[in-house]
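Let me begin by presenting the structure, written as structure tokens, before commenting on it.
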Amino acid sequence: MTRAESLAAAYEQVAAATDHLDILINNAGILPGHPGSGIEDTQETQKLGQLRYDDAMQVFGTNAVGPLLVTQQFLPLLKAGHKSRVVSLSSGLGSLELKASGSHYHYSASKAAMNMYMRTLAAEAGHYGIISIMVDPGWMRTDMGGTGAALPAADSARGIIRLTDQLHAEENGSFVTWQGKPVAW
Ligand SMILES: NC(=O)c1ccc[n+]([C@@H]2O[C@H](COP(=O)([O-])OP(=O)(O)OC[C@H]3O[C@@H](n4cnc5c(N)ncnc54)[C@H](OP(=O)(O)O)[C@@H]3O)[C@@H](O)[C@H]2O)c1
């Protein structure tokens, strides 16, 4: 997500197998303190007094800039697709309007930034007939969500696939839950 040469290699691999893409799902993301984030001690690094520039850049690189650059990389194949769709995994924690807790500084801000990047992209790529949406998958039982999460990941994934199948052009640029309900920006 964050290395240009890795993105280019991924594109070459896919382009060798197909001449078009109908769906791109930007799923990868990191939450500080969780497996794969490279940022330890969740509680401490997410609080005022402990916030660090490098952590912020790492989270923004993967969660905000990553989906934008992945989509840019795959644009030629998406342009050649049939009713192409881009689905980017956001979070309710990225909603400015719903934000009420003093926690998850970098994660929340990175998802809000991703929403803006992908809404901007939606406005431009919409001219090529590409429909791009941001989806809050709910609190899922994954490495990130943990075992106490409310929702099996498969239920959320099925919901996201269902709404992706039924997308219309007028939904381009929208922010919705895995069940297709609008989320406040
Ligand atoms: N789980 C939740 O409750 C929840 C709630 C709201 C939103 N979300 C969002 O939903 C999406 C999926 O989350 P999840 O719960 O499935 O998270 P997860 O269990 O932590 O899995 C994240 C995935 O992202 C990949 N990844 C991380 N950094 C990457 C990078 N720089 N390049 C490429 N791949 C990278 C990881 O790959 P490796 O395994 O190889 O590291 C892993 O497969 C994320 O965008 C997350 O923010 C999740």
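The values are calculated or read from the model by the stated rules, or taken from the named source; none is laboratory data. These numbers come from a predicted model, not from an experiment. Cβ sites come from the backbone with ideal geometry, for glycine too, and all protein chains shown count toward neighbours. The area values use the complete protein model at the heavy-atom level, side chains included, leaving out ligands, DNA and RNA. Shrake-Rupley method; radii C 1.70, N 1.55, O 1.52, S 1.80 Å.
Within region 56-86, the residues that satisfy the criterion of being assigned to a helix (DSSP H, G or I) and among the small types (Gly, Ala, Ser) are 56, 61, 64, 66. Summed over region 144-168, residues that are closer than 18 Å to residue 92 by Cα and out of contact with any helix residue (DSSP H, G or I) (no Cβ under 8 Å at 6 or more places or on another chain) total 14. Of the listed requirements (1) under 25 Å from residue 77 (Cα atoms); (2) open to solvent by 80 Å² or more (accessible area, probe 1.4 Å), residue 105 misses just one: (1). Scanning region 139-154 for residues that are outside any loop (DSSP other than H, G, I, E, B) and either open to solvent by 60 Å² or more (accessible area, probe 1.4 Å) or among the aliphatic types (A, V, I, L, M) (or both) gives 140, 141, 151, 153, 154.
Matching residues to (1) within 18 Å of the chain's Cα centre (by Cα); (2) among the charged types (D, E, K, R); (3) over 18 Å from residue 22 (Cα atoms):
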| site | (1), (2), (3) |
| --- | --- |
| 120 | yes, no, yes |
| 133 | yes, no, no |
| 138 | yes, no, yes |
| 141 | yes, yes, yes |
| 145 | yes, no, yes |
| 164 | yes, no, no |
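On inspection, residue 86 fails the criterion of being within 13 Å of the ligand (Cβ to nearest atom) and either open to solvent by less than 40 Å² (accessible area, probe 1.4 Å) or modelled with pLDDT of 95 or more (or both).
Filtering region 1-30 to residues that are open to solvent by less than 70 Å² (accessible area, probe 1.4 Å) and within 12 Å of the ligand (Cβ to nearest atom) leaves 1, 6, 7, 10, 26, 28, 29, 30. For region 164-173, the criterion of being in a helix (DSSP H, G or I), touching a Ser or Thr at 6+ places or on another chain (Cβ under 7 Å) and in contact (Cβ under 8 Å) with a residue 24 or more places away in the chain is met by none of the residues.
Whether any residue in region 127-134 is open to solvent by 30 Å² or more (accessible area, probe 1.4 Å), more than 14 Å from the ligand (Cβ to nearest atom) and part of a helix (DSSP H, G or I) is what I want to check. Taking every residue of region 127-134 in turn, at least one turns out to be open to solvent by 30 Å² or more (accessible area, probe 1.4 Å), more than 14 Å from the ligand (Cβ to nearest atom) and part of a helix (DSSP H, G or I).
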